[in-house]
1. For residues in region A:302-327 being of a type in the set (A, V, I, L, M) and more than 7 Å from every other protein chain (Cβ to nearest Cβ), which is farthest from residue A:247 (Cα to Cα)?
2. Here's a check for you: in region A:242-255, which residue that is modelled with pLDDT of 90 or more and in contact with a Pro (Cβ under 8 Å, 6 or more places away or on another chain) is nearest to the other protein chains (Cβ to nearest Cβ)?
3. Give region A:260-278 a look and list any residue that's part of a helix (DSSP H, G or I) and out of contact with any Asp or Glu (no Cβ under 7 Å at 6 or more places or on another chain), or say none.
4. Quick one: would you say residue B:15 is assigned to a loop (DSSP other than H, G, I, E, B) and not basic (Lys, Arg)?
5. Any residue in region B:179-186 that is more than 26 Å from residue A:277 (Cα to Cα), surrounded by 14 or more Cβ atoms within 10 Å (Cβ to Cβ) and aromatic (Phe, Trp, Tyr)?
6. So, in region B:35-44, exactly how many residues are open to solvent by less than 50 Å² (accessible area, probe 1.4 Å) and either out of contact with any helix residue (DSSP H, G or I) (no Cβ under 9 Å at 6 or more places or on another chain) or within 17 Å of residue A:295 (Cα to Cα) (or both)?
7. Does region B:102-122 include one or more residues that are under 27 Å from residue B:12 (Cα atoms), surrounded by fewer than 16 Cβ atoms within 10 Å (Cβ to Cβ) and among the aromatic types (Phe, Trp, Tyr)?
8. Restricting attention to region B:45-82, and to residues there that are among the polar types (S, T, N, Q) and more than 30 Å from residue A:287 (Cβ to Cβ), which single residue is most open to solvent (accessible area, probe 1.4 Å)?
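The values are calculated or read from the model by the stated rules, or taken from the named source; none is laboratory data. No experiment lies behind these values; they were computed from the predicted model shown. Quick reminder, even Gly has a Cβ in these numbers, built from the backbone with ideal geometry, and neighbours come from all protein chains shown. Heavy atoms of the whole protein, side chains included, go into the accessibility calculation; ligands, DNA and RNA do not. Shrake-Rupley method; radii C 1.70, N 1.55, O 1.52, S 1.80 Å.
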Amino acid sequence: MRLFQARSRISRHALPWVVACALSFASSLPASPLLDSDRPEYPPDTTELDSQARDCLRCHAMETLAYRDPETGEILDLAVDPRLLSHSVHGEMACTECHRRSYRRYPHPEQAGRETFSCVGCHEDDPEDATYQFLSIEEEYARSVHVAPGASEAEDFSCHSCHDPHVFRVSRVGKEIGQVVRDDNRVCMSCHRELTDPLDTTHAWLPKRDAHWASVRCLECHTPPSDRAERVSHQILPAEDSARDCVGCHSSDARLLNRLYHYRSQEDLARKGLIAKALFNEAYVVGMSRNPTLDALSLLVIGLTLLGLTAHGVGRYLTYRRRTNRQ
Amino acid sequence: MRSLYLYAGWVRLWHWLNALLFLILILSGASMHYAGTPWLLDFETAVTLHNTTGILLTLSWIGFVAGNLLTDNGRHYRIRFRGLLDRLFEQSRYYAFGIFQDAPHPFHVSAEMKLNTLQQLSYLGVMYLLMPLLLLSGWSFLFSVYLPETLFGVGTVWIVAMTHLTTSYLLVLFLLVHLYIITTGETVLTNLRAMVTGWHRERGEPQ
């Protein structure tokens, strides 16, 4: 289990508690289709939120609520987006189910010691048949390249590096595939920004890299394929073990895509045939989007033609023989 | 023995280059479409090979069109509408019946017209209809990132892919028939030899 490392709190006297630079920080991110913040647009409806949460959000919903840590110089963003929160898996919880109860007072009392959080700590008692098995997720996570022995930044890594507890929501069957891809890849790109550098060559072997990154997840290639289509693996593989195998997607069995395409809705799955799929703008994947009927028909026509030509040739030869024999 | 110089150097060069590109494209295209099937090229190799060859085929097609505009080879592709249907009928009847009875060939190759009407029409269809469709859809695939998401409510890449697939199946069909038809000259090798040497030779009085 990994503990959350709370950043040291600073004395409240020195608090420039609305730091406008939080805004300029956010807007200085490089523009890239993979980094853009096209987060889902929700109506500003927060009625589902816990009443205490709404109380805290009087202040914490302010986008610019932030301060600069005097020790590290880092800007600590204290804003919690109420719309994202209300749609997250924890949207109905009170803030103090996770945070110290003393936060209910303002000014918040100075407190020694760090707040520790753990996803698994709360979820390990989930029943056997719970949708998500946190213990096996934790095992996979422990083997992932980010925290495995020898990883340079393992100390700073935790579940929260990828899952903002105020925002996290799981993708469910029926969510648009493109949106699943965007949401999950944005997680990786929040750190791996160097990959969008045009000079970056790590994926140069992949033709149309950006088209791939818009239609498949990093996870498809960077986690071991599993038999259970519905499970996201948390074992991120090192570069040398990652999948580079085109036929894993570009073929009729497309095993690397099972996990992504399991999010397809029932209506999606019910659609059969090229025309139906094309009409609903499914990506055309060379080698995978094949229509057995069309292919069979074409091969049949080609086969029949070959047969006809052979018969014609044999006929020519036989009549030629008959003629020359007669002479 | 009658000899005619029918195929200029550039035509022969173009023809054999085109034939080579066709074969490579069919092999690499099938390797992508049927990826995962044994005996085919590895997908990554096939993609690179197919793209490169496709670009070369475009250049070769442009060369062909330009050659026909700039030299007098183009005259062989000008349709003579008078008696068109009769000639088509005659030619088809020859392939269906006459050829088995050693009937005289209904068409006589001349310096003015080296293609019989059936040949002429199918070559016109292939070079000026199927090829442009094939090349256009191929280039659209290459630049699919810049295409609009949908066209008339249908995914654009689907339209591109289906056009490309259908034209390529049709061209494979053409190639098979073409390979067979060239054996129907005076002797099995008459036509093939003409495309190699440029000279068409057959029995009969010199003109």
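1. A:318
2. Per the criteria, the residue is A:248.
3. Across region A:260-278, the qualifying residues are A:261, A:266, A:267, A:268, A:269, A:270, A:274, A:275, A:276, A:277, A:278.
4. no
5. yes
6. Total satisfying the criteria: 1.
7. Checked region B:102-122: no residue is under 27 Å from residue B:12 (Cα atoms), surrounded by fewer than 16 Cβ atoms within 10 Å (Cβ to Cβ) and among the aromatic types (Phe, Trp, Tyr).
8. By that ranking, first place goes to B:71.
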